[in-house]
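Engineer: The structure follows.
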Amino acid sequence: MSNAETAASLQIIRSTVKFHLGSLLTKLGARSRAELVIFAYESGRTRRSTGP
């Protein structure tokens, strides 16, 4: 999902998404969104969706 898609989904502006994404990357030492997703699954913060 792009920053624009995330912003539209959450009804916030794109720069807010970009700011928070950058904060997460820095705090968790991740280099990409993919690493953030892996962290979320491995730490139990999210689980796989079963459908739309």
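Every number in this text was worked out from the coordinates using simple rules, so none of it is lab data. Worth saying up front: this structure is predicted, and the values here are computed from it rather than measured. Counting neighbours? That spans all protein chains shown, and the Cβs are built from the backbone with ideal geometry, glycine included.
Engineer: Please give the calculated 222 nm ellipticity per residue for the chain, where each DSSP H segment of at least 4 residues contributes -39500 (n - 2.57) and the sum is spread over every residue; nearest 500 deg cm²/dmol?
Structural biologist: Values: 3 runs with 33 residues, N = 52.
Helix contribution divided over all residues of the chain: -19000 deg cm²/dmol.
Engineer: Further question: Relative contact order for the chain: what percent, with Cα pairs under 8 Å and sequence separation of 6 or more? Don't skip to the end; give the middle numbers.
Structural biologist: On the way: 21 pairs, mean separation 8.9, N = 52.
That works out to 17 percent.
Engineer: Just grab the label-to-label distance for SER15 and TYR41, each label 7 Å out from Cα along the Cβ direction, in nm (one decimal).
Structural biologist: 3.5
Engineer: In 5 Å bins starting at 0, how do the alpha-carbon pair distances of the chain split up by percent?
Structural biologist: In order of increasing distance, the bins hold 4, 19, 22, 25, 22, 8, 1 percent.
Engineer: Something else: Provide THR50, THR6 in ascending order of the number of other Cβ atoms located within 10 Å of each residue's Cβ, fewest first. Before the final figure, lay out the partial values.
Structural biologist: Numbers: THR50 5, THR6 16.
The most exposed by this proxy come first: THR50, THR6.
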